[in-house]
Amino acid sequence: MRTIFFKAACLVVVMGCNGGSGKSSAPPQAAVCDDSLPTAQSLYVLPYTVSESYRVNQANCSGFGHSDFWQYGYDFEMDIGTVITAARAGTVVHAQDGAVDGDRNQTNLVTIEHEDGTVALYSHLTLNGVLVTAGQLVAAGDTIGLSGDTGNTGGLPHLHFSLHPCSDLPGLPGAGSCPSVFVNFRNTSANDNGLEAGRSYVALPID
Ligand SMILES: [Zn+2]
């Protein structure tokens, strides 16, 4: 089974937040988080079971774990083993398992490519928590994995979710040329400017 060092969703520990690409990080830039999209127009639904609610521990442009390449993304606090669902229909690109919870060097993850070429990353999944395989087609709301505490979570079990314009992410084959982009979710309370850290969001039924 492949095991690849991957530091998505990293806190600024050990490698900084360049995703562990081995390249020196660009100088920190002032976080610009003025992105906005009407909630109802979002193509994405929250990546967990309808009617459940989870707290966002870290949102966009936190200046800590979510900066630079990883500027946009959400960390949902979850007990290990929580069901993770696809935020949008697509095809599984990466399905990487094998790390044990508590392993800070390897992350279990899934990436899913959508019809417009964008790619969603779901990381820190638990051991044996990757429930899809590369090439598999999934619909929004389909179960794809179980949350966990693998990789650089800071010791807080959570799901890291981020959206990228392509699948070239640090630690996976390639050079890591697809930094995170803004995303919000249509099946919850208004979040035109993205989810807010410290708030919990219930997943409403998917239309
Ligand atoms: Zn994160």
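Read-outs throughout are calculated quantities, based only on the coordinates presented, and are distinct from any laboratory measurement. What you are looking at is a predicted structure, and each value in this text was computed from that prediction instead of being measured. When we count neighbours, we look across all protein chains shown, and the Cβ atoms used for this are built from the backbone with ideal geometry, even at glycine.
Here is how the numbers come out for the structure above:
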| item | result |
| --- | --- |
| Complete set of residues in the stretch 38-55 that are more than 18 Å from residue 119 (Cα to Cα) and crowded, with 21+ Cβ neighbours inside 10 Å | 54 |
| Qualifying positions in the stretch 86-114 - in contact with a Phe, Trp or Tyr (Cβ under 8 Å, 6 or more places away or on another chain) and farther than 20 Å from residue 58 by Cβ | 88, 96, 105, 106, 112 |
| All positions within the stretch 138-151 that are away from the ligand (no atom under 15 Å from the Cβ) and of a type in the set (Asp, Glu) | 142 |
| Which numbered condition residue 154 fails, given (1) crowded, with 21+ Cβ neighbours inside 10 Å; (2) within 12 Å of the ligand (Cβ to nearest atom); (3) farther than 18 Å from residue 49 by Cα | (1) |
| Flag if residue 170 is buried (at least 18 other Cβ atoms within 10 Å of the Cβ), within 16 Å of the ligand (Cβ to nearest atom) and more than 21 Å from residue 52 (Cβ to Cβ) | yes |
| Selected residue [assigned to a loop (DSSP other than H, G, I, E, B), under 13 Å from the mean Cα position of the chain (by Cα) and over 19 Å from residue 165 (Cα atoms)] from 151, 145 | 151 |
| Any hit, the stretch 113-121, residues being more than 23 Å from residue 166 (Cα to Cα), in contact (Cβ under 8 Å) with a residue 24 or more places away in the chain and within 15 Å of the chain's Cα centre (by Cα) | no |
